[in-house]
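So the structure is just underneath, and the comments pick up after that.
The values are calculated or read from the model by the stated rules, or taken from the named source; none is laboratory data. A quick note: this is a predicted structure, and the numbers were derived from the prediction, not measured. Cβ: placed from backbone, ideal geometry, glycine included. Neighbour counts: every protein chain shown. Quick note on the areas: whole protein, heavy atoms, side chains included, nothing else; ligands and nucleic acids left out. Shrake-Rupley method; radii C 1.70, N 1.55, O 1.52, S 1.80 Å.
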Amino acid sequence: MYFELAKRNLMRTKVRTILAIIGIVIGVMAISSIGIFGEGLKKTVLERFEDIANEVIITPSFSGGYSSIDKTIVSKIEKMPYLKSVIPLKNEGSLVYLKNKKTFTTIYSLDRAAITELFEVEKGSNRLSGSCVIGSNLAERMKIRVGNKVTIKEKEFTVAGILKEEGARFDINPNNAIIISEKDFTELFNKEDYSAIIAKVESLQDIEKFKDLVEKSINSRDKKVRVLELRSILERITEAFNQINLFLLAIAGVSLLVAGVSILNIMLMSTLERTKEIGVMRAVGASRHTILRIFLYEALILGVIGSVIGGFLSIFGGYFIELAILQSAKHLFSMATLYSILQGVFFGLITAVISGFYPAFKASKLEPIEALRYE
Amino acid sequence: MHAVVELQEVYKIYTLGVQKVIALNGVSLKVEEGEFIAIMGPSGSGKSTLLNMIGCLDKPTKGRVLIAGNDTSKLNDDELTRLRRDTIGFIFQQYNLIPTLTALENVELPMIFRGLNRNEREKRANELLEKVGLEREINRKPTELSGGQQQRVAIARALANNPTILLCDEPTGNLDTKSGELIMEILTNLNKEGVTVIVVTHDPAVSEFAQRIVKIRDGKILDKRGD
């Protein structure tokens, strides 16, 4: 019945009630839609890094005085558990000649399996016997085609394949590089030691165990290598996006704040207008607590209706923002969206109830005799 | 018979700015159970203050007010609310019905505050509205009722929780003679059923229904006819 009373009071001032609800709808929509968009944005970015989350990069410990990783370490790591694949890598900067042009670029040594695992060959093949595979940007810049000849340190290589352009990577960047076999690399640069090892773990849970093992078996006496896990980079990206999302939410929160103020305003007006009624109710046996409840119900009704409508509309809001900014709304139907909506609805309700609390409290504190005299 | 209302040397002093207004100046009054009394006096005499005191809506500055044996000065807000709800029925000059509620719901209201269930409430509210002759108007809102009808709904509401005392503040003040007479008739019948009725009025026609008239002027009781 208290609920019914509250409902009818709201119906008495329909326009005012509707305006207050619209305020909440907009606030909740802003929060939920931006939440949905933020999650979509994060996912879109993280998606590009998803397949490298299980990757670890082992580099020489430069701070420990090491500039390369020697063969014994590589074979130790190759024998370690937890790993799905181990790709030792050498690299060196070198002048490269093509016909009458020359450029300075990075030369990597990798085997064919590694190329297949790490990259995608766009044109040609990944054959490395006396031939090389080159990165897309380099090919484009130097106008190199499959079958062309490049010269590295007076040795001529046939271009066997050209790689597809790679996005941002943390391990190696092949876009401007040339990949040759280890045999050729050793011959050209006379370099036995490796510059890095790219390894993939079986499962993400094993990363810590693998790191511990490296510390124990390789770094026990002297810090020779560093293990960089890409997962932690992903975590940092996620963290950064979470912060951006939080900031966006805070901006959206302002609109909810405004809605809260408008509820506060209309309910204060309502309290004032109904002072005498409150007095009457107090006279016929309503306690302070009852008055508080009736007014809080009014705020709650505004909050529930506004939040539910806002939550529902935010699906469309999120859809259009994602479509406009991310050019795709494929992340719309996910748990994160549901979470964003629930979050918006929750904040809508909280705002309504908090805003309603002061007027309700004020109404409940009215002295019955004063309230009855009020005209 | 025992006193359901007892005022002992009650003072009510308001401070308006620097000026002190003495609304009640040492009022002592006893009302026995089942009495019908009229409190009369000109405006500003303190009669409404006296009624509010009895109705536990106001607390005395000095002195004691005992309602059904309870010293109101010793009760907290919740206890006073309960006392009002269960012991006292209010009838106001302005009827003071809740405009969003139907006649039936208005009568149910005090029972809601008391925590009665829906069936009990509706049954009693129907009975009470029938008693005041409004069985056909139960679903009307106050604005759809005449002044006399509204006041009868208010009486039904005042009776909802079976009060010992009915407090009426100029109950016929806004009504035409005929409606006013009907209201007074209902009040007289209720008094015959054992309800203590206290009416504040300055209308001699109203006070005629009372067994006893208490005259008040400048916050003091002048004489007590029938004491």
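Identify all residues within the stretch B:21-66 that are within 13 Å of chain A (Cβ to nearest Cβ), on the phi < 0 side of the Ramachandran plot and of a type in the set (A, V, I, L, M, F, W, C); write none if there are none.
Initial filter on the stretch B:21-66 (within 13 Å of chain A (Cβ to nearest Cβ)): B:23, B:48-60.
Subset that is on the phi < 0 side of the Ramachandran plot: B:23, B:48-55, B:57-60.
B:Ala23, B:Leu50, B:Leu51, B:Met53, B:Ile54, B:Leu57, listed by residue number.
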Subject >> Number of positions in the stretch A:31-74 that are small (Gly, Ala, Ser), more than 18 Å from A:Leu249 (Cβ to Cβ) and open to solvent by less than 10 Å² (accessible area, probe 1.4 Å) >> reply: 1
Original post:
Which of the strands (runs of 3 or more DSSP E) contained wholly in the stretch A:32-138 include at least 1 residues that are under 30 Å from the mean Cα position of the chain (by Cα)?
Top reply: A:55-60, A:83-98, A:121-124
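Within the stretch B:71-83, can one find any residue that is in contact (Cβ under 8 Å) with a residue 60 or more places away in the chain and assigned to a strand (DSSP E or B)?
No.
Go through the stretch A:75-104 and give me each residue that's touching a residue at least 60 places away in the same chain (Cβ under 8 Å), among the β-branched types (Val, Ile, Thr) and surrounded by fewer than 19 Cβ atoms within 10 Å (Cβ to Cβ). Quick ask: steps written out before the conclusion?
If we filter the stretch A:75-104 for residues that are touching a residue at least 60 places away in the same chain (Cβ under 8 Å), which is where we start, we get A:76-77, A:80-92, A:94, A:96.
In the following step, the residues that additionally are among the β-branched types (Val, Ile, Thr) were identified as A:77, A:86-87, A:96.
Scanning the stretch A:75-104 gives a single hit, A:Val86.
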**OP:** Could you give me the residue pairs with C-beta distances under 8 Å whose first residue belongs to the stretch B:17-35 and is without any contact (Cβ under 8 Å) to a residue 12 or more places away in the chain, whose second residue is open to solvent by less than 70 Å² (accessible area, probe 1.4 Å) wherever it lies, and which are 6+ apart or on separate chains?
**Re:** B:Lys20/B:Ile13; B:Lys20/B:Tyr14; B:Val21/B:Ile13; B:Val21/B:Tyr14
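Out of everything in the stretch B:86-98 that is open to solvent by 40 Å² or more (accessible area, probe 1.4 Å) and closer than 16 Å to A:Ile369 by Cβ, what residue ends up being farthest from the other protein chains (Cβ to nearest Cβ)?
Applying the first criterion (open to solvent by 40 Å² or more (accessible area, probe 1.4 Å)) to the stretch B:86-98 yields B:86, B:93-94.
Filter again for closer than 16 Å to A:Ile369 by Cβ, leaving B:93-94.
On the way: B:Gln93: 11, B:Gln94: 8 Å.
Per the criteria, the residue is B:Gln93.
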**OP:** Identify, from the list B:Asn70, B:Asn106, the residue that is more than 8 Å from chain A (Cβ to nearest Cβ), surrounded by fewer than 20 Cβ atoms within 10 Å (Cβ to Cβ) and within 19 Å of the chain's Cα centre (by Cα).
**Re:** B:Asn70
**OP:** Just give me the residues in the stretch A:156-199 being among the polar types (S, T, N, Q) and either open to solvent by less than 30 Å² (accessible area, probe 1.4 Å) or farther than 18 Å from A:Leu230 by Cβ (or both), in sequence order.
**Re:** A:Thr158, A:Asn175, A:Asn176, A:Ser181, A:Thr186, A:Asn190, A:Ser195
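Run down B:Leu104, B:Leu187 and say which single residue is out of contact with any Asp or Glu (no Cβ under 8 Å at 6 or more places or on another chain), on the phi < 0 side of the Ramachandran plot and assigned to a helix (DSSP H, G or I). Write out each step before concluding.
On the way: B:Leu104 fails: out of contact with any Asp or Glu (no Cβ under 8 Å at 6 or more places or on another chain).
Exactly one of B:Leu104, B:Leu187 is out of contact with any Asp or Glu (no Cβ under 8 Å at 6 or more places or on another chain), on the phi < 0 side of the Ramachandran plot and assigned to a helix (DSSP H, G or I), namely B:Leu187.
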Original post:
Looking at (1) crowded, with 16+ Cβ neighbours inside 10 Å; (2) away from every other protein chain (no Cβ under 11 Å), can you tell me which one B:Leu80 breaks?
Top reply: (2)
**OP:** Check B:Ile216 against each of (1) under 27 Å from A:Arg12 (Cβ atoms); (2) among the β-branched types (Val, Ile, Thr); (3) open to solvent by less than 10 Å² (accessible area, probe 1.4 Å) and name the one condition it does not meet.
**Re:** (1)
Original post:
So is A:Leu296 away from chain B (no Cβ under 14 Å) and closer than 30 Å to B:Leu83 by Cβ or not?
Top reply: yes
Subject >> Hits in the stretch A:298-314 - residues which are at pLDDT 95 or above and within 24 Å of A:Tyr374 (Cβ to Cβ) >> reply: none
Subject >> Some residue of the stretch B:106-115 being hydrophobic (A, V, I, L, M, F, W, C), in contact with a Phe, Trp or Tyr (Cβ under 9 Å, 6 or more places away or on another chain) and modelled with pLDDT under 95 >> reply: yes
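Could you please find all residues in the stretch A:276-319 being open to solvent by less than 10 Å² (accessible area, probe 1.4 Å) and farther than 23 Å from A:Ile341 by Cα?
Residues of the stretch A:276-319 open to solvent by less than 10 Å² (accessible area, probe 1.4 Å): A:278-283, A:285-286, A:291, A:294-295, A:298-299, A:302-303, A:306-307, A:310-311, A:314, A:318.
Scanning the stretch A:276-319 gives A:Ile278, A:Gly279, A:Val280, A:Met281, A:Arg282, A:Ala283, A:Gly285, A:Ala286, A:Ile291, A:Ile294, A:Phe295.
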Original post:
Any residue at all in the stretch B:130-142 that is out of contact with any strand residue (DSSP E or B) (no Cβ under 9 Å at 6 or more places or on another chain), without any contact (Cβ under 8 Å) to a residue 60 or more places away in the chain and under 20 Å from A:Ala283 (Cα atoms)?
Top reply: yes
**OP:** Name every residue in the stretch A:180-220 that is over 17 Å from A:Val74 (Cα atoms) and either β-branched (Val, Ile, Thr) or not assigned by TED's automatic domain parsing to the domain that holds A:Phe119 (or both), in order of residue number.
**Re:** A:Ile180, A:Ile207
Original post:
Residues in the stretch A:109-117: is at least one surrounded by fewer than 18 Cβ atoms within 10 Å (Cβ to Cβ) and at pLDDT 85 or above?
Top reply: no
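Only one of A:Glu202, A:Glu239, A:Glu229 is out of contact with any Cys (no Cβ under 7 Å at 6 or more places or on another chain) and exposed (fewer than 13 other Cβ atoms within 10 Å of the Cβ). Can you tell me which?
Going through A:Glu202, A:Glu239, A:Glu229 in turn, just one is out of contact with any Cys (no Cβ under 7 Å at 6 or more places or on another chain) and exposed (fewer than 13 other Cβ atoms within 10 Å of the Cβ): A:Glu239.
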